[in-house]
Amino acid sequence: MAESKAPVITVDGPGGSGKGTVTQMLARKLGWHLLDSGALYRLTALAAERKGVSLDDEPALVELAANLDVSFEPTPPGEPAKVLLGGVDVTADIRTETCGDNASKVAVMQPVRDALLQRQRDFRKPPGLVADGRDMGTVVFPDAPVKIFLTASAEERAQRRYSQLKDAGVDVNIDALLEEIRVRDERDMNRAAAPLKPADDAQVIDSTGLSIEEVLVRVMAAAGQA
Ligand code: C5P
């Protein structure tokens, strides 16, 4: 089947840069589809944990990634999309720090990435797609007409995550969070397979010190949708 050429806005960047919230707001504003590609890596890691598959067992992880029984269900504005794995609601389970860390270990494996590639491209449907990830502009949608790379200092990203977790009643240590962020950045940026980096034709936006509304204004302007 010929691939649909519906427009795509890619938003790549490290965790905590505001990507998740901004892409959700942008997709809703434009009435476009949303791809949260990180959720697919998190789901692969979660499926491995639930099935007792080791994070070193590449062939078994590829098998899991290729056969993920996933569905994303829309939720009211401001709430994260509901994520089901095998019909079970795992929305909260995939958002833990451990699941994010395991996702980044699974994501270094090129065959796992290959197993998830077509599933991601299938999200490209009219009227358009907002794609959130690390390699949306570099690998998955290299022909996207608009590419944005959203970043922020590690300290600010740790502070944002700390506030989120505190609001959710989770007791965390900010220094430990900062260290985790640094370790994950290091792994994501230095891996051989689709490392985290801006596409050559990406517009870089630094969200350090900006509110989410200010970030959205800049992203809309960069996307030519202001
Ligand atoms: O964005 P999120 O924190 O949910 O992503 C979890 C992990 O999945 C990232 O740290 C990264 O290693 C991996 N990932 C990736 N490519 C993507 C999206 C996420 O490698 N497009």
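Protein heavy-atom surface of region 8-222, 1.4 angstrom probe: 53% of the accessible area is carbon and sulfur, with nucleic acids and ligands not counted.
Distance between the 7 Å Cα→Cβ label points at L68 and D167: 2.5 nm.
Where in region 101-127 does the label zone of A60 land, with the point 7 angstrom along Cα→C-beta and an amide N cut-off under 15 Å? Taking a point 7 Å out along Cα→Cβ of A60, the residues of region 101-127 whose backbone N falls under 15 Å are 106. Just to confirm my numbers, what's the Cα centroid distance between region 2-50 and region 80-142 in Å? First find each Cα centre; the distance between them is then 7 Å.
The convex hull built on the alpha-carbon positions of region 8-222 has an orientation-averaged projected area of 11.3 nm². Rg and Dmax of region 48-151, both derived from C-alpha coordinates alone, stand at 14.7, 41 Å. Toward the positive end of the charge dipole of the chain, with +1 on the Cβ of Lys and Arg and -1 on the Cβ of Asp and Glu, the farthest Cα among T151, T44, G128 is that of G128. Restricted to Cα atoms, region 103-200 shows a radius of gyration and a Dmax of 15.7, 44 angstrom.
Any idea of the accessible area per residue across region 54-105, 1.4 Å probe, to the nearest Å²? Per-residue value: 54 Å².
Please compute the contact order of region 8-222 in relative form: average sequence separation of alpha-carbon pairs under 8 Å and at least six residues apart, divided by the residue count, as a percent. Don't skip to the end; give the middle numbers.
Numbers: 336 pairs, mean separation 71.4, N = 215.
Value for region 8-222: 33 percent.
How many Å³ per residue does the convex hull of the Cα positions in region 165-214 occupy? Don't skip to the answer; put the middle values down first.
Details: hull volume 6.4 nm³, N = 50.
Each residue corresponds to 127 Å³ of Cα convex hull volume.
What distance in nm separates the two pseudo spin-label positions at D89 and K51, each 7 Å out from Cα along the beta-carbon direction? Distance between the two pseudo-spin positions: 2.5 nm.
What is the gain in length, in nm to one decimal, between K125 and Q159 on full extension, counting 0.36 nm per residue of separation less the C-alpha to C-alpha distance?
8.7 nm
A Förster radius of 30 Å combined with the Cβ-Cβ distance from A176 to V108 puts the calculated FRET efficiency at roughly 0.85.
The values are calculated or read from the model by the stated rules, or taken from the named source; none is laboratory data. These figures come from a predicted structure and were not determined experimentally. Here the Cβ is made from the backbone with ideal geometry for all residues, glycine too, and neighbour counts use every protein chain on show. Heavy atoms of the whole protein, side chains included, go into the accessibility calculation; ligands, DNA and RNA do not. Shrake-Rupley method; radii C 1.70, N 1.55, O 1.52, S 1.80 Å.
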